[in-house]
1. If you roll a 1.4 angstrom probe over the protein chains with everything in place, what fraction of the accessible area of the stretch 57-144 belongs to carbon and sulfur, to the nearest %?
2. Report, by chain and number, residues whose modeled amide H sits under 5 Å from the one on MET89, excluding near sequence neighbours (fewer than 5 apart, same chain).
3. On average over all directions, what projected area in square nanometres does the stretch 33-140 have, based on the convex hull of its Cα atoms?
4. Give the long-range amide H neighbours of VAL94: residues separated by 5 or more places, or on another chain, with amide H under 5 Å away, using H modelled in the peptide plane at 1.01 Å from N.
5. Which order do THR71, THR110 take when ranked by solvent-accessible area (1.4 Å probe, heavy atoms of all protein chains), largest first?
6. Once label points are set 7 Å from the Cα along Cα→Cβ at both VAL102 and ASN142, what is their separation, rounded to one decimal in nm?
7. Hey, what do the phi angles of the stretch 73-86 turn into as Karplus ³J(HN,Hα) couplings, whole Hz, using 6.51/-1.76/1.60 and θ = phi - 60°, x for Gly and Pro?
8. How do SER90, SER133, SER38 stack up against each other in accessible area, from largest to smallest, with a 1.4 angstrom probe?
Amino acid sequence: MRKLFQLSLLLVVIAAACTKKESSSSESKSIDPAIAESVARGQLVYTQYCIACHMKDGLGAPPMNPPLAGTSFMKGDKDIVINVVLKGMSGEAVDGQKYHNVMPPLDFLTNEQVADVLTYVRNSFGNNESLISSEEVGAARNKK
């Protein structure tokens, strides 16, 4: 009888654990599929063009290259980061810190590649920002 009680108790504990796991996963934040797709494509662009300077973890290489994790640039105005990618950047402080390397313009990237890489960065390294669309990049590119 005692073994039956122990077995029953074990089954109750396992069932409770499984129920708790299911409820916690359903409570987790659902990711917008458009952002998820853009992030996946953007990670490839980041790996090809950005990782050498901004590193795998997005923390940059101070004092040469700025971090992308948690910076006001990534959390701020979309047009500013779009223009940094399209036009490059030199001599600007990032959150009060000057960096020595020049960010070259990546204007050869398509509007979708720019949108995707920025959406990736804005949703990685602890950042949690909105999607940047290829239309927003196109509008910024067309502004003179």
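The values are calculated or read from the model by the stated rules, or taken from the named source; none is laboratory data. If you're wondering where the values come from, they're calculated on a predicted model, not measured in any experiment. All Cβ positions, glycine included, derive from the backbone under ideal geometry; neighbour counts span all protein chains shown. The protein model used for the area step is the full one, side chains on, heavy atoms only, and it has no ligands, DNA or RNA in it. Shrake-Rupley method; radii C 1.70, N 1.55, O 1.52, S 1.80 Å.
1. 53 percent
2. When sequence neighbours closer than 5 places are left aside, the close amide H contacts are MET103.
3. Result: a mean projected hull area of 5.8 nm².
4. TYR99
5. Reading off the accessible areas and sorting them downward yields THR110, THR71.
6. 3.0 nm
7. Using θ = phi - 60°, the values come out as 4, 6, 8, x, 4, 4, 4, 5, 5, 4, 5, 4, 5, 6 Hz.
8. SER90, SER133, SER38
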